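The values are calculated or read from the model by the stated rules, or taken from the named source; none is laboratory data. Just so we're clear, the structure is a prediction, and the values are computed from it rather than from any experiment. Glycine gets a Cβ as well: all are built from the backbone with ideal geometry, and neighbour counts include every protein chain shown.
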Amino acid sequence: MKFLYTLLLSLTSFGAFAQYSIYQNFETPNDDFRTNFYIDTVNCSNNLWQIGRPQKAFFDSAYSYPNAIVTDTLNQYPVNDTSIFYLTMAGSYHALLSLSFYFKLDIDTLATAKMELSGDGGLNWINPITEDTTFMFYWVGGKPRFDTSTTGWRKFDLNMDTWSQSYPGSHFSFPHYRTSDTIIYRFTFITGDSLVHHDGWIMDNFRGLNTARVGMDKVEEISSVIFPNPSNGTIFLRPNFRGTAEDRIVVYDMHGQQVYEAVPFGSLPINLPLSDGVYTVKYIGVSGVTTNRVVIIK
């Protein structure tokens, strides 16, 4: 399995913007793609999603050679299966957001390919294809279709600027659900009971952008407070976040459910009794709240 992951933090000369960019084409030899891509084998025991070189009838190559994320690199999809993977992108509150990737679909009429996004830790999910007008999403190059097979590579290119800048009490009238600094994307592929199988769904060359307006004194708030990441379940606060008896660490799972809470003290380790997965860790201190995404791999 291979990947290319780039995290860019850049400030203008006035200290007005901080920018996080993700580019993923699964090529560089490493497995740190798990810091952004999480294939859910806990809730989907027969999960078809794999990262590797596609070698099937229709999916015989990636968009950029050799690897992609695909519903099995070798076999056509089986009947009555549900497969899910998550992509998380961290940034800062009220950010300007976009996500693009290339995809192919080879499906029958009973299969379902669906992408949803959440801005509140998974409490509410938005289907951008069916709810784009509700949330004022903008499609670059036209709205894609996930309900039919493609004849070649298609591009998914979503701009979420208006929605991402909304906040409670703003002049925007649509529901926002934009209450955290991390956007979660959920990709679901469901097969029916058709005996005529197909290759499924393949995606490659993910590109995401998250640009937030901040001041120079706020740069630390969008930096990672905890390390290491990924973690085996034991994390530490960075030296400038010592923690007091009034501070708290609260951890949420991918569904937005609180799964752990602790009071951090100095440089002592924090042991998270949690299974493998992607979690949101909220540091609540006397100076404010900082949210981080953490991947646990034991």
Practice problem: Would you check if residue 77 is at pLDDT 95 or above, in contact with a Gly (Cβ under 6 Å, 6 or more places away or on another chain) and of a type in the set (Phe, Trp, Tyr)? | Solution: yes
Quiz item: Just wondering, is there one or more residues in the stretch 113-124 that are modelled with pLDDT of 90 or more, farther than 21 Å from residue 156 by Cβ and of a type outside the set (Gly, Ala, Ser)?
Solution: no
Quiz item: From the list 170, 180, 164, which residue is assigned by TED's automatic domain parsing to the domain that holds residue 84, loosely packed, with under 14 Cβ neighbours inside 10 Å and modelled with pLDDT under 85?
Solution: 170
